[in-house]
């Protein structure tokens, strides 16, 4: 199994061993575009793997800060209370770059940049860039993806 993410189409595809698309989801990548550098708030390109799966067993809309559940469950009221918060909800698939000097190690390290595939509020628009670097998904889609993949699954992000 492999994941491919297209920035151009704002889609995440899950491919089987024969390379056939078995699932397709709309996503939202970085509103600042693509880029590898730490602090760029861009979505990194290239070959990655899922380094960690975080949040198994947590409720839908569980709020995460620094990969830890806060005890909060996202609601529109909570969103209004903290309008500038970057909401990371439900589950986290933490990505790690595989290409030394491009998306791994130094100032371009995807994992050290804390780039995830994660859930988002229902109000977050999918199909167009809007994140600060991560790949956002609808919570129900992320729950399905989370159960389909394992740590070590290949993730290719391309323009």
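Counting other Cβ atoms within 10 Å as a rough exposure proxy, the listed residues 84, 2 run 84, 2 from fewest neighbours to most. The angle separating the long axis of helix 139-148 from the principal Cα axis of greatest extent in the chain is about 40 degrees.
Projected label points at residue 123 and residue 86, each 7 Å from Cα along the beta carbon direction, are separated by 1.9 nanometres. Think of it as helices only: each DSSP H run of n ≥ 4 in the chain is worth -39500 (n - 2.57), and spread over all residues that comes to -2500 deg cm²/dmol at 222 nm. Can you work out the FRET efficiency for the pair residue 140 and residue 2, with r the C-beta to C-beta distance and R0 = 25 Å, to the nearest 0.05? Computed FRET efficiency for residue 140 and residue 2 comes out at 0.70. Extension gain, residue 60 to residue 75: 0.36 nm times the residue separation minus the Cα-Cα distance gives 4.3 nm. Of all beta bridges that DSSP places with both ends in segment 74-153, some 50 percent have antiparallel geometry. Once you've got the GNM for the chain with C-alpha springs shorter than 10 Å, pick whichever of 106, 57, 35 has the biggest mean-square fluctuation. Result for the chain, Cα springs under 10 Å: 57 fluctuates most. Just so you know, the averaged projected area of the alpha carbon convex hull for segment 29-153 sits at 7.2 nm². Using a cutoff of 8 angstrom between alpha carbon atoms and counting only pairs six or more residues apart, the relative contact order for segment 29-153 works out to 34 percent. For 151, 62, 110, 43, the sequence from fewest to most other C-beta atoms within 10 Å is 151, 62, 43, 110. Counted over the chain, the DSSP beta bridges are approximately 70% antiparallel.
We did not get these values from a lab; they are worked out from the coordinates using the rules stated. All values derive from a computational prediction rather than experimental measurement. Note: ideal-geometry Cβ built from the backbone for every residue, glycine included; neighbour counts use all protein chains shown.
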